[in-house]
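Below: one structure, written as structure tokens.
The values are calculated or read from the model by the stated rules, or taken from the named source; none is laboratory data. Please read all numbers here as calculations on a predicted model, not as lab measurements. Neighbour counts are summed over all protein chains in view; Cβ atoms, including those assigned to glycine, are modelled from backbone coordinates with ideal geometry. The area values use the complete protein model at the heavy-atom level, side chains included, leaving out ligands, DNA and RNA. Shrake-Rupley method; radii C 1.70, N 1.55, O 1.52, S 1.80 Å.
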Amino acid sequence: MRPYAMMVNLENKRCAVVGGGQVAERKIASLLAAGAAVSVVSPSCTALIREWEQAGKLTLRLRPFVPDDVADAVLVIAATSDPAVNLAVYEACGPQQWINVADRPDLCSFTVPSVVERGDLTVAISTGGNNPGLAKKMRRQLEAWIGPEYEDYTLFLGKMRRRVLALDKLSPANKRAILAELLDDRFLHWTRSGEIERRDREAEAVVAGWLERQEET
């Protein structure tokens, strides 16, 4: 069955991670960045996980896993080095819960893609758990292609989109035409070269030009 790709808002959602090693640490970092309410269960943990707990960023239970640890979690990650414990976590989850088991794609109701992030721009690569190495390789290739300038470029496009959509004088067709023109590579080039004032000035000129055209008609 083909997975359904989606971006999920986990802010304040209860998420449980079973495991306290390096793999669990990476999973926890992503959940915290998403604003999730994270609880961690493990007999031991990394120094960074302990720091997060002391800073009040997560709840930490330094003991072996018991089924009740995942009872109220929307999303569960089993990331221990013990296959038997990971299987026990899977068996403790109900059909309404999302579960990811490290190194067992056959037990996962969701997988975590390899991600390239540039501010609000997120590009995810998944092989459905078949070859994580290929996903990582493609991520490195995309990181070289999608440079840091895309963070500001994405913000610029978002700002201009809101501005254009708020112009009641423009027809829907003209709004679509403006937004299409703003995707021209010259605006990305000016962002990349640091010519921000020129970029913004030219964008405003595009909007003004379409406003004049519509008035003439």
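What the table below lists for this structure:
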| item | result |
| --- | --- |
| Order of exposure, largest accessible area first, which applies to Glu212, Glu204 with probe 1.4 Å | Glu212, Glu204 |
| Two-site FRET efficiency, Glu197 against Thr122, from Cβ-Cβ distance with R₀ of 41 Å, rounded to 0.05 | 0.90 |
| Surface share of carbon and sulfur [accessible, 1.4 angstrom probe, percent] for region 38-149 | 52 percent |
| Those lysines that a straight Cα-Cα span of less than 19 Å connects to Lys159, excepting residues fewer than 8 apart in one chain | Lys169, Lys175 |
| Relative contact order for the chain, counting Cα pairs under 8 Å that sit 6 or more residues apart, in percent | 12 percent |
| Residue-level accessible surface for Leu155, protein heavy atoms, 1.4 Å, Å² | 90 Å² |
| Estimated [θ] at 222 nm from DSSP helical runs (n ≥ 4, -39500 (n - 2.57)) normalised by residues in the chain, nearest 500 | -14500 deg cm²/dmol |
| Extended-chain gain in nm, criterion 0.36 nm per residue less alpha-carbon gap, Ala177 and His189 | 2.3 nm |
| Potential lengthening between Glu215 and Arg26 on full extension [0.36 nm per residue; Cα-Cα distance subtracted] | 62.5 nm |
| Mean separation of Cα contacts under 8 Å (6+ apart) over length of region 1-47, as relative contact order % | 45 percent |
| Correct choice for Rg/Rh (Cα atoms, Kirkwood Rh) that was computed from the model, options (i) 1.12; (ii) 0.96; (iii) 1.03 | (i) |
| Relative intensity, log₁₀ I(q)/I(0), of region 60-115 from a Debye sum that treats every alpha carbon as a point, q = 0.15, 0.22, 0.23 Å⁻¹ | -0.39, -0.83, -0.90 |
| Reachable lysines from Lys136, criterion Cα separation under 16 angstrom, eight or more residues apart if same chain | Lys27 |
| Rg over Rh [alpha-carbon atoms, Kirkwood Rh] for region 83-168 | 1.18 |
| Label-zone membership for region 126-163, site Ala33, 7 angstrom Cα→C-beta point, backbone N under 12 Å | none |
| Charged-residue dipole, Cβ positions (Lys, Arg, Asp, Glu), the chain about Cα centre, Debye nearest 20 | 240 debye |
| Accessible surface, region 105-196, averaged per residue in Å² (probe 1.4 Å) | 62 Å² |
| Computed lengthening from Asp82 to Arg161, 0.36 nm per intervening residue step minus Cα-Cα distance | 23.5 nm |
| Sparse-neighbourhood loop sites, trypsin sites (Lys or Arg not before Pro) in region 125-185 - DSSP loop, at most 15 other Cβ within 10 angstrom | Lys169 |
